[in-house]
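**Student:** Handing you this structure, nothing more for now.
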Amino acid sequence: MSLLVVGLSHRSAPVSVLERAALAREAQAKLLQDTLAAEPATEAAVLATCNRIELYADVDKFHAGVAELSTLLAQHTGVGLDELTPYLYVHYEDRAVHHLFSVACGLDSMVVGEGQILGQIKDALALGQELHTAGRLLNDLFQQALRVGKRAHSETGIDRAGQSLVTFGLERLADGAALGDWAGGKRALVIGAGSMSSLAAATLARAGVAHVAVANRTLERAERLVQILTEPGARAAAGFTASAVEMAAVPEELALADVVVSCTGAMGVVLTAEAIRVALASRTETAAGGAGATCALDAACADAAGTGVRLALLDLAMPRDIDAAVHRLDGARLVDIESLAEASADAPMAADVDQVRAIVSDEVAAFGAAQRAAHITPTVVALRTMAADVVASEIARLDGRLPDLDDKQRAEITQTVRRVVDKLLHAPTVRVKELASTPGGAGYADALRELFDLDPQAVAAVSRADSQAGTHNTAREPA
């Protein structure tokens, strides 16, 4: 296994750098294609979230691989290599596997234990499969990471160690109040209709907001989310309503909203400080002219009249959707990725984290053993193929020497020779597979090739066929 990961995350880089390094899906696809075109890499996958960008590759040279992947990240993110390098981390072979499995379990997340990362790993695998940049190694790795993450959540209480980034952010907005008490009766605006925005809308609906307006560049996606939020069984509060609006209607909705959550794929600011200032002024004017007619709760009316927070905003996008200057506006409270990173550093760690770490260690060892065992399989197949060819050749020569043998005699002799060969090969091939699964066991494949003078091209042909079959099969496998 020659797995290499080069990346940066909220643990290694400031949010300002992560924000500049964010990659849209189209840019991720180009990065994968260019990585595969680079000499050291034969497979590639990219895991890009709001607080990490990691490039995984199967490389044949470690130092050349690190240099190439670092350069590619710099080129595609637009952050200069000299500036980017101090924030990059590198993991190789088992350490790379350990890192991804830890990420999948939520151990490396901004909010420990959050489950959103599993969907993002699934998306990373799907993109690699779609572009045919993920071969057997990365398919196996990412599929196993998904299973390890699900195992951690089902077998431990890691969910108690943290929440989704959405819930954590909303609780920061609530500023110590119970989320249900804080959200009750409020009107919310959710900008975006992707997975994070959908989770935010659903969380707000369950928390008790009276109405959620969903704005999205594609209105159909906003309408689909509204349908999901309002269908029976959605667990929304009694009397909850939702609506889909065009992005052009966002200024109007801002003037009505108490809570705003934004998470789009835009590469620039979606809500400017001026737009928020105008919305706040509009709310103040409306409250002064007739607060009783526009506010559902007395507390909300008091806020609208000019005391406390009149507009709470949660920015979950990277790069940010909401202008950071909003922090300076009276009447607005903004929680963004940067403030969440600071808050999460002080979040308590649950005892279940140690149990998850043990699961990760066990799974890393099992994955490494499986990969090492798989490494020797082509050599064993090539050996058995060579043995079968020898048997066939000797039987053909026997036919020439003893042409009077009948079919029954010939079949019995052939079966006997095959049994002898199988028995002679059984013990060494089983043992070599066992030895190959141990650390440092890759050398046993080389020893087997040398001892039996196997044709390297024959072994390589088996490897290629096995890799193509494995990639085809795992691409169909549900994650």
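The values are calculated or read from the model by the stated rules, or taken from the named source; none is laboratory data. This one's a predicted model, so the numbers in the text were calculated from it and none came from an experiment. Neighbour counts run over all protein chains shown; Cβ positions are idealised from the backbone, glycine included. These area figures cover heavy atoms from the full protein model, side chains too; ligands, DNA and RNA do not enter into them. Shrake-Rupley method; radii C 1.70, N 1.55, O 1.52, S 1.80 Å.
**Student:** How many residues are part of a loop (DSSP other than H, G, I, E, B) and at pLDDT below 85 if we restrict to the stretch 248-305? If you could, list the steps in order and put the result at the bottom.
**Tutor:** If we filter the stretch 248-305 for residues that are part of a loop (DSSP other than H, G, I, E, B), which is where we start, we get 257-258, 263-270, 272, 295-297, 305.
This time we only want the ones that are at pLDDT below 85, so: 265-268, 295-297, 305.
Residues that pass the stated criteria total 8.
**Student:** Condition (residue is more than 19 Å from residue 129 (Cα to Cα), polar (S, T, N, Q) and surrounded by fewer than 18 Cβ atoms within 10 Å (Cβ to Cβ)) applied to the stretch 29-37: is it met by at least one residue?
**Tutor:** Initial filter on the stretch 29-37 (more than 19 Å from residue 129 (Cα to Cα)): none.
No, because not a single residue in the stretch 29-37 is more than 19 Å from residue 129 (Cα to Cα), polar (S, T, N, Q) and surrounded by fewer than 18 Cβ atoms within 10 Å (Cβ to Cβ).
**Student:** Suppose we filter 350, 341 for residues that are surrounded by 15 or more Cβ atoms within 10 Å (Cβ to Cβ), at pLDDT below 90 and not in a helix (DSSP H, G or I); which single one remains? Spell out the reasoning first.
**Tutor:** Details: 341 fails: not in a helix (DSSP H, G or I).
Residue meeting the stated conditions: 350.
**Student:** I'd like to verify a number: residues in the stretch 199-215 that are under 26 Å from the mean Cα position of the chain (by Cα) and within 11 Å of residue 189 (Cα to Cα), how many?
**Tutor:** Final tally of qualifying residues: 5.
**Student:** Only one residue in 21, 44 is within 24 Å of residue 266 (Cα to Cα), touching a residue at least 12 places away in the same chain (Cβ under 8 Å), surrounded by 15 or more Cβ atoms within 10 Å (Cβ to Cβ) and touching a Ser or Thr at 6+ places or on another chain (Cβ under 6 Å), so which one is that?
**Tutor:** 21
**Student:** Please list, ordered by first then second residue, the pairs with beta carbon atoms under 7 Å, 6 or more apart or interchain, first in the stretch 110-130 and within 13 Å of residue 44 (Cβ to Cβ), second open to solvent by 10 Å² or more (accessible area, probe 1.4 Å) and assigned to a helix (DSSP H, G or I).
**Tutor:** As it stands, the answer is 127/28; 127/29; 129/475, since those pairs meet every condition given.
**Student:** Determine which single condition residue 333 fails, assuming it passes every other condition in (1) modelled with pLDDT under 90; (2) open to solvent by 30 Å² or more (accessible area, probe 1.4 Å); (3) not in a helix (DSSP H, G or I).
**Tutor:** Of everything listed in (1) modelled with pLDDT under 90; (2) open to solvent by 30 Å² or more (accessible area, probe 1.4 Å); (3) not in a helix (DSSP H, G or I), residue 333 misses just condition (1).
**Student:** Checking the condition open to solvent by 20 Å² or more (accessible area, probe 1.4 Å) and among the aliphatic types (A, V, I, L, M), which residue from 59, 97, 66 passes? Walk me through how you get there before you give the answer.
**Tutor:** Working: 59 fails: open to solvent by 20 Å² or more (accessible area, probe 1.4 Å); 97 fails: open to solvent by 20 Å² or more (accessible area, probe 1.4 Å).
When all the criteria are applied, what remains is 66.
**Student:** Within the set of pairs 6+ apart or on separate chains, which have a first residue in the stretch 184-198 that is without any contact (Cβ under 8 Å) to a residue 60 or more places away in the chain, a second that is surrounded by fewer than 24 Cβ atoms within 10 Å (Cβ to Cβ), and C-beta atoms under 7 Å apart?
**Tutor:** 193/216; 193/221; 193/225; 198/225
**Student:** For the stretch 77-86, indicate whether the set of residues that are touching a helix residue (DSSP H, G or I) at 6+ places or on another chain (Cβ under 6 Å), modelled with pLDDT of 90 or more and more than 18 Å from residue 13 (Cα to Cα) is non-empty.
**Tutor:** No, the stretch 77-86 contains no residue that is touching a helix residue (DSSP H, G or I) at 6+ places or on another chain (Cβ under 6 Å), modelled with pLDDT of 90 or more and more than 18 Å from residue 13 (Cα to Cα).
**Student:** Does residue 77 count as free of Cβ contacts under 8 Å to residues at least 40 places away in the same chain, open to solvent by 10 Å² or more (accessible area, probe 1.4 Å) and over 22 Å from residue 367 (Cα atoms)? Working first, answer last.
**Tutor:** Numbers: free of Cβ contacts under 8 Å to residues at least 40 places away in the same chain: no; open to solvent by 10 Å² or more (accessible area, probe 1.4 Å): yes; over 22 Å from residue 367 (Cα atoms): yes.
Answer is no for this residue.
**Student:** Here is a further query. Search the stretch 216-235 for residues being under 20 Å from residue 264 (Cα atoms) and either assigned to a loop (DSSP other than H, G, I, E, B) or of a type in the set (Val, Ile, Thr) (or both), and hand back the single one that is most open to solvent (accessible area, probe 1.4 Å). Please lay out each step first, then the result.
**Tutor:** Looking only at the stretch 216-235, we keep the residues that are under 20 Å from residue 264 (Cα atoms), and these are 216-229.
Filter once more, keeping what is either assigned to a loop (DSSP other than H, G, I, E, B) or of a type in the set (Val, Ile, Thr) (or both): 216-218, 226, 228.
Details: 216: 22, 217: 202, 218: 49, 226: 20, 228: 89 Å².
Restricting to residues being under 20 Å from residue 264 (Cα atoms) and either assigned to a loop (DSSP other than H, G, I, E, B) or of a type in the set (Val, Ile, Thr) (or both), the top hit is 217.
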